[in-house]
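The structure under discussion appears below in the form of structure tokens.
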Amino acid sequence: MRNIPGFPMSEHLSPLLLPFRPALAGMVLRSAPRWFFSFCILAAAAVLLEFVTHTRDVSETLAHLPSSATAEEREVVRADLDSTLPLRAAILPLQHLAAWSVRAILLTLLLHAFGTGVPPRTKHLMSIAVGSGGIDIIERLVQAVYAGISGAGAGEAVILPWSLLALTGPTGSYALTLLLTSINMFTLWYVGTVGWALSVLCSVHKHKAVLIAGAVWAVSAGSTIVLLDLLRNAYAFSP
């Protein structure tokens, strides 16, 4: 395995550089678009976080059940969530692989639509998508740490201080609350770093690359918000 010039890291792990050194990551990925090992590391981190945050996630789920749910029904839900944890953790890497693959497809479509100086291959854009997934994992970790430090009770709305919701305050709409929460410093981090890496990788003007990255984020976030809102309505969860 060759190391990245000027950086003590294998080229096989170059996508992990993207959140912190997007220009260098884009340059290395142009000639060595390798993403599998980085994906394995990020997937393992996601699985570990799933186990670490399980207790709080269960408490939050129980707190959002309809008020008509009996104590016995709540215990059934708790037992089901506990018993299915290994299965959910096992399929989590596949879920991330699917989500990051969709990002890569969106990047491909938009880059072909807007044109590039250096046409990227699928491996290039999958490497970018996996690298940007590192920001997702970090955001999940920071949220868990903040929830623990803030001491918010189960079911209590936690307004993340780095999100737009902290400026606007609570809303009456679940979907709008999700949207305002998702627009945060990590969003800017994602759009900025992915745009910068794309501009280096594909020789695209930075403004165009940032717009493409922003469009990919908007489609991904919008789809997630719609899905969560539909699930909430289907299962009659309380706000």
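The values are calculated or read from the model by the stated rules, or taken from the named source; none is laboratory data. Here the structure is a predicted model, which means the values were calculated and not measured. So basically every Cβ, Gly included, is an ideal-geometry build from the backbone, and we count neighbours across all protein chains shown. Just so you know, the surface numbers come from the protein's heavy atoms only, side chains and all, with ligands and any DNA or RNA stripped out. Shrake-Rupley method; radii C 1.70, N 1.55, O 1.52, S 1.80 Å.
Give V210, V191, V204 a once-over and let me know the one that is hydrophobic (A, V, I, L, M, F, W, C), open to solvent by 20 Å² or more (accessible area, probe 1.4 Å) and over 23 Å from L141 (Cα atoms). Break it down stepwise before answering.
Details: V191 fails: over 23 Å from L141 (Cα atoms); V204 fails: open to solvent by 20 Å² or more (accessible area, probe 1.4 Å).
Of V210, V191, V204, the one residue that is hydrophobic (A, V, I, L, M, F, W, C), open to solvent by 20 Å² or more (accessible area, probe 1.4 Å) and over 23 Å from L141 (Cα atoms) is V210.
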Open item on the list: Checking A69 against (1) closer than 21 Å to T116 by Cβ; (2) more than 20 Å from the chain's Cα centre (by Cα), only one condition comes out false. Which one?
Closed with: (1)
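Kindly state which helices (runs of 4 or more DSSP H) lie completely within segment 155-229 and contain at least 2 residues that are modelled with pLDDT under 85 and out of contact with any His (no Cβ under 8 Å at 6 or more places or on another chain). Steps first, please.
Details: elements: 165-168, 174-182, 185-202.
Per the criteria, 165-168, 174-182.
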Task: Output for segment 1-44, where each listed residue is in contact with a strand residue (DSSP E or B) (Cβ under 8 Å, 6 or more places away or on another chain) and either at pLDDT 95 or above or in a loop (DSSP other than H, G, I, E, B) (or both) - done: M1, R2, I4, M9
Open item on the list: All but one of (1) outside any helix (DSSP H, G or I); (2) crowded, with 17+ Cβ neighbours inside 10 Å hold for S67; state the number of the condition that does not hold.
Closed with: (2)
TODO: Output yes when any residue across segment 167-174 is touching a residue at least 60 places away in the same chain (Cβ under 8 Å) and either within 25 Å of H54 (Cα to Cα) or under 13 Å from the mean Cα position of the chain (by Cα) (or both), and no when none is.
DONE: yes
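Of all residues being of a type in the set (A, V, I, L, M, F, W, C) and open to solvent by 40 Å² or more (accessible area, probe 1.4 Å) in segment 116-154, which is modelled with the highest pLDDT? Just the residue, please.
Residues of segment 116-154 of a type in the set (A, V, I, L, M, F, W, C): 118, 125-126, 128-130, 135, 137-138, 141-142, 144-145, 147, 149, 152, 154.
Then keep just the ones that are open to solvent by 40 Å² or more (accessible area, probe 1.4 Å); that gives 118, 138, 141-142, 145, 149, 154.
Values: V118: 72, I138: 95, L141: 92, V142: 91, V145: 87, I149: 81, A154: 47.
Among those residues, the one meeting the criterion is I138.
In the set R103, R88, R121, which member is out of contact with any Lys or Arg (no Cβ under 9 Å at 6 or more places or on another chain), of a type in the set (K, R) and under 16 Å from V216 (Cα atoms)? Talk me through it step by step, then tell me what you get.
Values: R88 fails: under 16 Å from V216 (Cα atoms); R121 fails: under 16 Å from V216 (Cα atoms).
That would be R103, the only listed residue that is out of contact with any Lys or Arg (no Cβ under 9 Å at 6 or more places or on another chain), of a type in the set (K, R) and under 16 Å from V216 (Cα atoms).
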Open item on the list: I'm told V28 meets every condition in (1) in contact (Cβ under 8 Å) with a residue 12 or more places away in the chain; (2) open to solvent by 40 Å² or more (accessible area, probe 1.4 Å) except one. Can you identify the failing condition by its number?
Closed with: (2)
TODO: Please indicate, with yes or no, whether at least one residue in segment 45-63 is under 26 Å from S83 (Cβ atoms), in contact with an Asp or Glu (Cβ under 9 Å, 6 or more places away or on another chain), of a type outside the set (G, A, S) and part of a loop (DSSP other than H, G, I, E, B).
DONE: no
Task: Any pair with Cβ under 6 angstrom, 6 or more apart, that starts in segment 118-145 at a residue that is touching a residue at least 24 places away in the same chain (Cβ under 8 Å) and within 15 Å of R103 (Cβ to Cβ) and ends at one that is in a helix (DSSP H, G or I) and open to solvent by 50 Å² or more (accessible area, probe 1.4 Å) - done: I135/W189
- [ ] Select from segment 45-75 the residues that are closer than 22 Å to A98 by Cβ, among the aliphatic types (A, V, I, L, M) and touching a residue at least 24 places away in the same chain (Cβ under 8 Å) and list them in ascending order.
- [x] A45, A46, V47, L49
Task: Number of the condition not met by A44 [criteria: (1) surrounded by 14 or more Cβ atoms within 10 Å (Cβ to Cβ); (2) touching a Pro at 6+ places or on another chain (Cβ under 9 Å)] - done: (1)
- [ ] Kindly list the number of the only condition in (1) in a helix (DSSP H, G or I); (2) at pLDDT below 95 that fails for P239.
- [x] (1)
